[in-house]
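Asker: First, the structure itself, so that you have it in front of you.
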Amino acid sequence: MQLKTLTYVSRASLDITERDLLAILEVAQRRNALEGITGLLIFNGVRFLQIVEGPEEAIDLLVAGLRRDPRHTAFEVQDERFVTARSFPDWSMQLVQVSTAFQEAQREVVGVLPDEIDPAIRALVLANTQSIGGPVSLPD
Ligand SMILES: Cc1cc2nc3c(=O)[nH]c(=O)nc-3n(C[C@H](O)[C@H](O)[C@H](O)COP(=O)(O)O)c2cc1C
């Protein structure tokens, strides 16, 4: 089956809290499970990097909603492609909070990526992780 994979970065709204983040994750996991979407959400306290994969129509609908979501701004698609297999089959949405400079962020991300991931997708995630390395600490 043809699946769409889309990668974007965005900037969290200034007043975002840990509670907001957990609410985003909970809704994302529930809805993605229903829509056949899987993926990874990386957050450094300032910026998001998310990669989502699933049926084209479901991804396009999700992205339209994400563009309207006031909890983040500066939404920029980094990559869009079609793949035949999922890179994150077991994750309705996996949150990785990175707390450090990008090299350490990359190590943290590498540590959780599935072994069997497509090398092109691995390279994409790591290249984009560089752009969001930074400190993280949110109010509760
Ligand atoms: C950084 C970020 C990531 C999100 N990821 C997802 C996701 O993977 N799946 C999802 O359904 N909603 C996700 N959301 C929430 C959507 O933007 C939207 O609020 C949610 O899908 C409910 O949409 P609706 O009530 O407007 O239909 C995310 C929101 C943010 C800010």
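The values are calculated or read from the model by the stated rules, or taken from the named source; none is laboratory data. Note that the structure is predicted; figures quoted are calculated from it, not measured. All Cβ positions, glycine included, derive from the backbone under ideal geometry; neighbour counts span all protein chains shown. These area figures cover heavy atoms from the full protein model, side chains too; ligands, DNA and RNA do not enter into them. Shrake-Rupley method; radii C 1.70, N 1.55, O 1.52, S 1.80 Å.
Asker: Checking the structure you have, find out if any residue of the stretch 97-104 is surrounded by 20 or more Cβ atoms within 10 Å (Cβ to Cβ) and either near the ligand (Cβ under 10 Å from one of its atoms) or assigned to a strand (DSSP E or B) (or both).
Answerer: no
Asker: Condition test on Leu14, is it closer than 19 Å to Arg122 by Cβ, over 15 Å from the mean Cα position of the chain (by Cα) and either in contact (Cβ under 8 Å) with a residue 24 or more places away in the chain or more than 8 Å from the ligand (Cβ to nearest atom) (or both)?
Answerer: no
Asker: Right, another one. Mind listing whichever residues of the stretch 30-52 are within 8 Å of the ligand (Cβ to nearest atom), assigned to a helix (DSSP H, G or I) and of a type outside the set (Lys, Arg)?
Answerer: Asn32, Glu35
Asker: In the stretch 53-64, is there at least one residue being more than 12 Å from the chain's Cα centre (by Cα), near the ligand (Cβ under 10 Å from one of its atoms), open to solvent by 20 Å² or more (accessible area, probe 1.4 Å) and within 25 Å of Asp118 (Cβ to Cβ)?
Answerer: Yes, the stretch 53-64 has at least one match.
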